[in-house]
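The structure appears right after this line, and notes come after that.
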Amino acid sequence: MKKIGDMYTDIIFTYCTPGKQWDHQSRAEITIPIFDNENNVKEFLNRELFPAIQRLIKIDERRQRDLIKISTAMDWTKFEKLTGLSRADELEFRNGKWFFCKQFGGQTEWSKELMKKYQFGRNSTNW
């Protein structure tokens with residue numbers, strides 16, 4: 001497995017409870033590595049993006065259970081160019097967003113998997 005590039009990712013976290021500044025959102029910019037053996041977009045994001053999100057939540061001193069939405073902007077053009085994979089082929093998310101409570105229109109099966117694995121959204125009264 002050889003790293004062939006990095007994918008820029010801008011993330012907005014939305015929480016059901018306020019943080020230290022009485023805010024319900026926080027933001028982070030990261031890069032995630034792309035490897036030469038990528039063959040599945042969902043597996044790529046599960047392996048690289050969501051563990052990074054878990055670390056960012058802890059750094060921000062927030063609780064995963066309070067996370068109700070993840071919004072992302074990612075450099076898919078670069079990813080597609082480097083891997084030959086299309087994001088549209090495998091993704092179950094709405095324009096770079098994952099929802100963990102019903103007030104945002106329910107969850108996809110992928111969102112439900114993430115809720116089980118990371119406990120996202122468990123403190124929301126509408127999940």
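Per the conditions (1) farther than 22 Å from residue 122 by Cα; (2) modelled with pLDDT of 90 or more; (3) polar (S, T, N, Q), the sole criterion not satisfied by residue 72 is (1). State whether one or more residues within region 29-51 are at pLDDT below 90, of a type in the set (Val, Ile, Thr) and more than 13 Å from the chain's Cα centre (by Cα). No, that holds for no residue.
Check whether at least one residue in region 17-40 is more than 13 Å from residue 57 (Cβ to Cβ), in contact with a strand residue (DSSP E or B) (Cβ under 7 Å, 6 or more places away or on another chain), of a type in the set (Gly, Ala, Ser) and surrounded by 11 or more Cβ atoms within 10 Å (Cβ to Cβ), and report yes or no. No, the conditions are met nowhere in region 17-40.
The values are calculated or read from the model by the stated rules, or taken from the named source; none is laboratory data. Remember, predicted model here, so these are calculated numbers, not experimental data. Virtual Cβ from ideal backbone geometry, glycine too; neighbours counted across all protein chains shown.
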